[in-house]
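First up is the structure itself, then whatever we jot down about it.
Please treat every number below as a calculation from the coordinates, not as lab data. Remember, predicted model here, so these are calculated numbers, not experimental data. Note: ideal-geometry Cβ built from the backbone for every residue, glycine included; neighbour counts use all protein chains shown.
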Amino acid sequence: MTAAPLLDRPAGAGGLTQQQKRLIRRHALLYLKYFLLTVLAILFLFPIVWSLLNSLKKPSEALAVPPTYLPTEIVFENYTQLTAFGNYGVIGHVENSAIVALITVVGSLVLSTLGGYGFARFNFPGKNALFIMVLSTLMIPFQSILIPLFVMLVRFELNDTLLGLALVYITFQLPFGIFLMRNSFLAVPREIEEAALLDGCSSLSLLYRMMLRLVLPGIVTVAIYAFINSWNEFLAALIFMSDQDKFTLPVFLTLVRSGIYGTVDWGALQAGVVVAIFPCLLLFLLLQRYYINGLIGGAVNN
Amino acid sequence: MLFVTVFFIIPLAMTLFMSFHDWPLIGEQSWIGATNYTELASDRQYLKSLDFTFRYTILVTPPIFILGFILASLVRHNIRFIGVFRTVFFLPVVIGLGVSSLLWVWMLDQRVGIFNKILLDLHWIAKPQLFLAKPATAMNVIILSVVWKTVGFTMILLLAGLQSIPDELYESADVDGAGYFRKLFYITLPLMRRTIALALILSVIGSVLAFDQFYIITRGGPRNSTISIVYWIFNNSFTYWKMGYGAAMSIVLLGILVALSSIQYYLLRERY
């Protein structure tokens, strides 16, 4: 007589063994889980996918009442029309947003890197107190200091300029950026620096040459956050800009929505929304890891 | 460092300073003592907006948390394709609240919106609805849009918390024959107390500061029923240009937030 393998042991009277039952149950649960996940994923993706598809419809179809689910014909006409709306086209406001985002990214990177390096490597009196001060500003919501910021920008004649708006954004990126860069620099062993110093590098060229490469993940994270936050910000952009030509994309689209140019132009609104969403999605999909790391690092220390 | 001082400390002091003044955009500002604050107490719309903001916070926080927890539990283990699902649930987070609000305005529109189309095709409604015309439905669709946009953030926080619980605990519970809910209430939830507190507080603070969705989706309506605190500060300061009055309201808002942060600090203490 040969012993049957444990799993295939014949059960009495056509029933299944305990183990087989458990296995079936586990598989059923797994399928149920995938089913739930798929349904939820479809619901979550629906608004994004629908708006993307809609922007590829013919302009007349995009405005159909009632709307159609899928485009009958795929055209890019809505995008070629981006230049033709408002005072100088939706595209002009995309440019405004892009300029503000670019200044914010560069400014936050330079200042966070320098600040983070300072906090990580140099000792100076009051360093800890200063660092705690930087961190505690994370707790002050910018909504509560908008009024004086506005008064200050007016006084420096920076209100209604894209640079002024970018400066405000840089400020709100800095506490997080400095904190993140400090941690990145602290993670680099001091020995590497000392070795380079012996080879005759000065402190600043040292920072340039090798440290930057070592803290690249931190830099990428700061840059993504600076971009996404400044590209998406609404309230400050609404308050600090009064010249309609200088409105960033979200503020401009809100204007379109309220029908200030006559009736609500859904074509311009739809194309604008898609253009506003797209860079963030792309950036996130490409650099997900850095974004999530920044989120968890930032939140846990909050 | 100078930057931080200039843009945070000075404005903070200035907010306080301005809150004791009559401060119009053009013309002389004058010291009026605590008048702005006493005026606040009799400002019906201000009290209404406080009440509205708290009601909104209480309504929006549970769905975000519960759905966030369900999503985190579903994507917890590294089964095949799970990364795709995590990404999909997180995607709306990187879209700006302002832009996502515009997207929802469009989807909810009575003429070109897809929502009415779907509900009509499903025969759930007989004719296109004006979702934003009634206070109750307006609130519900705003909550729906905010849950969609922010739940991924809560999911990631809770996921990090879930993954820090050692598997051995569940294995020994299995040996003891504990069911799903016993494990949930005796292992998962107690060990995640700090993460849960963090997720809740961040979502509460976000809701107290809500502005974009009310400005864009409902424009404060119907009949001024969806004006949040920040919205009312915005109106007073930058529409009526009563900046001293707005500053006084900002100080009250700041007080509320400091109180919330203290609760957070208290809950996150090392005691657990």
Candidate lysines - alpha carbon under 27 Å from residue B:127, same-chain residues fewer than 8 apart omitted: A:57, A:58, B:117
Below 14 angstrom from the Cβ of residue A:94, what's the summed charge of the other residues (Lys, Arg +1; Asp, Glu -1)? -1
Treating the beta-carbon of each Lys and Arg as +1 and of each Asp and Glu as -1, no other charges, what is the dipole magnitude of region A:17-77 about its Cα centre, to the nearest 20 debye? 780
Checking the cross-link filter: which lysines have an alpha carbon closer than 20 Å to that of residue B:149, excluding same-chain neighbours under 8 positions apart? none
Chain B: angle of helix B:229-238 to the longest principal axis, Cα-based, in degrees nearest 10: 30
Could you compute the FRET efficiency for residue A:122 and residue B:223, with r as their C-beta to C-beta distance and R0 at 51 Å, rounded to 0.05? 0.30
Points 7 angstrom from Cα along the Cβ direction at residue A:157 and residue A:99: gap in nanometres? 1.7
Surrounding charge for residue A:128, neighbours by C-beta under 15 angstrom, Lys/Arg +1, Asp/Glu -1, total +3
For region B:2-267, just say rounded, prolate or oblate: build the C-alpha gyration tensor, square-root its eigenvalues into a ≥ b ≥ c, call rounded for a/c under 1.5, and beyond that prolate if a/b exceeds b/c, oblate if not. oblate
For the protein assembly as shown, what does the alpha-carbon gyration tensor say about shape, rounded, prolate or oblate, given a ≥ b ≥ c as the root eigenvalues, a/c under 1.5 as rounded, and a/b over b/c as prolate? oblate
Please arrange A:139, B:155 by counting, for each residue, the other beta carbons lying within 10 Å of its beta carbon, fewest first. A:139, B:155
How about residue B:48: which lysines have a C-alpha closer than 21 Å to its C-alpha, ignoring those fewer than 8 places off in the same chain? B:134, B:242
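Could you line up B:100, A:258 from fewest to most neighbouring Cβ atoms inside 10 Å?
A:258, B:100
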Assigning unit charges at the beta carbon (Lys, Arg +1; Asp, Glu -1) and nothing else, what dipole magnitude in debye, to the nearest 20, does chain B show about its Cα centre? 580
Checking region B:94-167 for chymotrypsin sites (Phe, Trp or Tyr not before Pro) in a loop per DSSP with at most 14 other beta-carbon atoms within 10 Å yields B:124
Rounded to the nearest 500, what is the 222 nm mean residue ellipticity of chain B from helices alone, with -39500 (n - 2.57) per DSSP H run of 4+ residues and division by all residues? -20000 deg cm²/dmol
Calc'd 3J(HN,Hα), region B:88-101, phi into Karplus 6.51 cos²θ - 1.76 cosθ + 1.60 (θ = phi - 60°), Hz, glycine/Pro = x, comes to 4, 5, 8, 3, x, 4, 7, 7, x, 4, x, 5, 5, 4
Would you mind computing, in nm to one decimal, how far apart the modelled labels at residue A:195 and residue A:70 are, each placed 7 Å from Cα along Cα→Cβ? 5.9
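Based on other C-beta atoms within 10 Å, arrange A:182, B:194 from fewest to most.
So the ranking, lowest neighbour count to highest, is B:194, A:182.
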Pick out, in residue order, every one of the GluC sites (Glu not before Pro) in region A:26-105 that is DSSP loop and has at most 16 other C-beta atoms within 10 Å; say none if there are none. A:73
Let me spell out the model: positive unit charges on the Cβ of Lys and Arg, negative unit charges on the Cβ of Asp and Glu, origin at the Cα centre of region A:84-300. What dipole size does that give, in debye rounded to 20? 480
If a paramagnetic tag sat 7 Å from the Cα of residue B:120 along the Cα-Cβ line, which residues of region A:33-67 would have the backbone N under 16 Å from that point? A:61-67
Rounded tilt (10° steps) of B:44-74 against the dominant C-alpha axis of chain B: 20
In chain B, with Lys and Arg counted as +1 and Asp and Glu as -1 at Cβ, which of these residues, B:210, B:114, B:227, has the Cα nearest the positive end of the dipole, that is, farthest along it? B:114
Given the options B:150, B:239, B:57, which has the most mean-square fluctuation in a GNM of chain B, springs set between C-alpha atoms less than 10 angstrom apart? B:239
